[in-house]
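The values are calculated or read from the model by the stated rules, or taken from the named source; none is laboratory data. Only a predicted model underlies this, so the values are computations on that prediction, with no experimental measurement involved. Because the Cβ atoms are built from the backbone with ideal geometry, glycine has one as well, and the counts that use them run over all protein chains shown. In case anyone asks, the SASA skips ligands and DNA or RNA and just uses the protein heavy atoms, side chains included. Shrake-Rupley method; radii C 1.70, N 1.55, O 1.52, S 1.80 Å.
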Amino acid sequence: SEGLYCYDLQGKMLWSKDLGVLESGPYDAPSLQWGFASSPVLYRDRVYVQCDVLKNGFLACYDAAAGTQIWRTERNEVATWSTPAVTEFNGRTIMIVNGWKHIGGYDANTGKELWRLTGGGDIPVPTPLVADGLAYVTNAHGKTAPVYAVKLDAEGDITPKETEESSSGIAWLTRRDGSYMQTPLCYKGYVTVCRDNGLLSCYEAKTGKRVYQERLGTGRTVFTASGVASNGRIHYTSEEGDVFVVQAGPEFKLLA
């Protein structure tokens, strides 16, 4: 069983909510029980949770001060391990969630679905990334590993056909370069996506044009930590503990 807990800055618990049993394991091997990984999101005076689990999945919103449930929306999804993103665009507040059956955007005030997108990796982990009017969503495992650049004003089912590189609600997409564990970065007008094997792809954020694809490490070097950007550099830490420092921008350069 898992719960949601609120403390003051002196460590006193103010309220708690029992969220029920959250069974989090791969849908095709549920006994593995990998455990829950989605973090609550505090935005203004509300707390949002994404509980994609094997049974009775849901999204919910709570009053941050009192713990009162404001809304709850059921989800027909396999277990996922992504933290949602909450953002504002054109006067509406949107909760964006990763998924396999259902990548989606929801009205953060009511829980009503705004748009949906189906397809991708069957073990979604990365958090949706919002920048400059687009939400970048990636997942990877199984047959496909897409990166979607979704328009924040999207409506309805925006799932593209297999031959399409965009749709009514998608500015651009690529079907093979998405990441399994890492959340991508959008920095100085470019989106970078690093796969577990160190294959690093860089795209123009607005157009999706790939400006380079290079490899960090030996090909056997494993990367699961998300990249960090600062001062014109992007840092990627491998599971061996090595930090690869890459120049930000359209030209690949390994600085250190």
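Residues L216, L255: which one is surrounded by 16 or more Cβ atoms within 10 Å (Cβ to Cβ), at pLDDT 95 or above and hydrophobic (A, V, I, L, M, F, W, C)? Outline the logic, then answer.
Values: L255 fails: surrounded by 16 or more Cβ atoms within 10 Å (Cβ to Cβ).
Criteria check complete, one pass: L216.
So is T237 β-branched (V, I, T), within 13 Å of Y136 (Cα to Cα) and open to solvent by 20 Å² or more (accessible area, probe 1.4 Å) or not? Outline the logic, then answer.
Values: β-branched (V, I, T): yes; within 13 Å of Y136 (Cα to Cα): no; open to solvent by 20 Å² or more (accessible area, probe 1.4 Å): yes.
Spelling it out, it is not the case that T237 is β-branched (V, I, T), within 13 Å of Y136 (Cα to Cα) and open to solvent by 20 Å² or more (accessible area, probe 1.4 Å).
For the structure I just gave you, tell me whether G91 is in contact (Cβ under 8 Å) with a residue 12 or more places away in the chain and either surrounded by fewer than 21 Cβ atoms within 10 Å (Cβ to Cβ) or touching a helix residue (DSSP H, G or I) at 6+ places or on another chain (Cβ under 6 Å) (or both). Spell out how you get there, then give the answer.
Details: in contact (Cβ under 8 Å) with a residue 12 or more places away in the chain: no; either surrounded by fewer than 21 Cβ atoms within 10 Å (Cβ to Cβ) or touching a helix residue (DSSP H, G or I) at 6+ places or on another chain (Cβ under 6 Å) (or both): yes.
No: the conditions fail for G91.
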Restricting attention to region 1-40, which residues are in a strand (DSSP E or B) and either within 15 Å of W81 (Cα to Cα) or not hydrophobic (A, V, I, L, M, F, W, C) (or both)?
G3, Y5, Y7, S16, K17, D18
Unique match (being in contact with a Cys (Cβ under 9 Å, 6 or more places away or on another chain), open to solvent by 30 Å² or more (accessible area, probe 1.4 Å) and at pLDDT 95 or above) among L129, L199, L134
L129
Answer yes or no: is there a residue in region 64-86 that is in contact with a Lys or Arg (Cβ under 6 Å, 6 or more places away or on another chain), open to solvent by less than 50 Å² (accessible area, probe 1.4 Å) and hydrophobic (A, V, I, L, M, F, W, C).
yes
Residues (in contact (Cβ under 8 Å) with a residue 24 or more places away in the chain and either open to solvent by 100 Å² or more (accessible area, probe 1.4 Å) or under 19 Å from E74 (Cα atoms) (or both)) located in region 1-20:
E2, L4, K17, L19, G20
Complete set of residues in region 94-121 that are over 16 Å from the mean Cα position of the chain (by Cα) and open to solvent by 10 Å² or more (accessible area, probe 1.4 Å):
D107, N109, T110, K112, E113, L114
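Residues that are under 29 Å from R92 (Cα atoms) and either in contact with a Ser or Thr (Cβ under 9 Å, 6 or more places away or on another chain) or hydroxyl-bearing (S, T, Y) (or both): list the strands (runs of 3 or more DSSP E) wholly contained in region 147-256 that include at least 1 such residues. Before the answer, list the steps.
Working: elements: 147-151, 170-174, 185-187, 190-194, 199-204, 210-215, 228-230, 233-237, 243-247.
Result: 147-151, 170-174, 185-187, 190-194, 199-204, 228-230.
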Report whether or not L173 is surrounded by fewer than 19 Cβ atoms within 10 Å (Cβ to Cβ) and among the aliphatic types (A, V, I, L, M).
no
Can you tell me which residues in region 219-234 are open to solvent by less than 50 Å² (accessible area, probe 1.4 Å) and either under 23 Å from G133 (Cα atoms) or charged (D, E, K, R) (or both)?
G227, A229, G232, I234
Give the residues of region 121-152 that are in contact with a Lys or Arg (Cβ under 9 Å, 6 or more places away or on another chain) and closer than 10 Å to W100 by Cα, sorted by residue number.
G121, D122, A140
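Inspect region 2-20 for any residue being under 28 Å from G178 (Cα atoms) and touching a strand residue (DSSP E or B) at 6+ places or on another chain (Cβ under 7 Å) and give the result as yes or no. Before the answer, list the steps.
The first filter runs over region 2-20 and keeps only residues under 28 Å from G178 (Cα atoms), leaving none.
Taking every residue of region 2-20 in turn, none turns out to be under 28 Å from G178 (Cα atoms) and touching a strand residue (DSSP E or B) at 6+ places or on another chain (Cβ under 7 Å).
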